[in-house]
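A.B. asks: There's a structure below that I have some questions on.
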Amino acid sequence: FGQFKAPLMWEELVDAEFQLAADRSVTGETFSQQYSQGLMFGYEAEAWRGYFAFTDGINSIATNYNDAVESDYAFTARAEFKFAGDWARFTDFTSWRNSDYAGKVGIAGHYEQYGETGNGAPGGGGRNALAQATPGEQLLYTVDAAIEGNGWNAFAAFYGNYTEADNVSNSDFNDFGVVAQAGIFVTDQVELFGRYDGIFLDSDRAVDEDTFNFATIGANYYFFPESHAVKGTLDLLISFDETVGTTNPSLFGLGGVGTAVSPTSFLGQGDDTEFAIRGQVSVLF
């Protein structure tokens with residue numbers, strides 16, 4: 001109990017320091033559950049494990065119980081099935097050389113109703129980038145799979161998001177996203193990786209573009225073999241589509257270079273093809 005990430009998207013549940021790239025995907029940031037407050041129950045067996053949470057809704061970090069951005073109620077459930085390896089293998093996205101084969105699949109869903117909590121303007125603020133800004137309901141769901149082997153790894157996920165505003169006609173939207181990534185060690189300390197992710201908005205949303213495609217390529221250098229203690233990352237991100245005029249422009253900045261800090265490293269451009277280069281050193285202690 002307390003404040004934690006609801007058991008929904010596996011990409012978000014893997015800690016930031018154990019990601020393959022310098023940060024999570026743009027699609028992951030868009031659909032992300034972030035932090036909630038509430039209760040969670042879990043059970044783990046040899047071949048499967050499951051979690052169930054009752055919370056104040058996704059992305060409600062450090063909010064009061066009666067804050068208007070909170071959900072009236074929210075439920076999240078996740079189940080995972082392991083067909084090879086140990087559960088400990090999946091705390092990161094990396095698989096060291098000489099590691100055994102491991103794999104799992106997962107499925108999760110989240111439902112919340114919002115609009116009756118607090119005395120302020122209801123809706124929007126506490127939910128993810130694809131939520132409604134008026135009272136209503138939201139359903140998020142995902143299917144994902146991860147496999148690891150002797151110095152290589154792969155992960156893929158599908159995300160779905162359904163929102164509907166109360167008493168508003170033509171306000172139901174279905175949005176989708178995909179992520180696929182893989183990495184391979186070329187030496188004991190150098191890991192190359194690549195990722196594709198895409199966002200496919202409901203065609204009824206009032207935006208100029210409803211399809212967004214991204215690619216990330218890069219490399220990790222582990223200063224100590226088989227350890228995340230000190231890791232250097234360099235990657236290149238490419239947005240193949242226009243990123244201005246989305247449902248949440250702040251995801252890419254406010255519409256131009258230098259106007260805002262973006263969690264996705266993209267600032268928002270009115271033309272196709274935007275590039276970002278990131279360098280990062282992480283130290284764990």
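Just so you know, all these numbers are worked out from the coordinates, no wet-lab data involved. Predicted model only: the values in this text are computed from it and were never measured. Please note: Cβ atoms are built from the backbone with ideal geometry, for glycine as well, and neighbour counts cover all protein chains shown.
A.B. asks: Just going by the charge dipole of the chain, with Lys and Arg at +1 and Asp and Glu at -1 on Cβ, which of ALA84, MET40, LEU267 is farthest out on the positive end?
C.D. replies: ALA84
A.B. asks: If exposed GluC sites (Glu not before Pro) are those in a DSSP loop with at most 15 other Cβ within 10 Å, what is the longest stretch of the chain that has none?
C.D. replies: Between exposed loop sites, the widest span is 117-208.
A.B. asks: Name the chymotrypsin sites (Phe, Trp or Tyr not before Pro) in region 8-106 that are in a loop by DSSP and that have at most 10 other C-beta atoms within 10 Å, would you?
C.D. replies: TYR65
A.B. asks: For region 1-132, with only Lys/Arg (+1) and Asp/Glu (-1) charged at the beta-carbon, what is the dipole magnitude about the Cα centre, in debye rounded to 20?
C.D. replies: About 300 debye.
A.B. asks: Okay, moving on. If I model a spin label at ARG97 and PHE18 as a point 7 Å from the Cα along the Cα→Cβ vector, what separation in nanometres do I get?
C.D. replies: 2.3 nm
A.B. asks: In terms of modelled amide H atoms, which long-range or inter-chain residues lie less than 5 Å from the amide H of ALA74?
C.D. replies: THR55, GLY57
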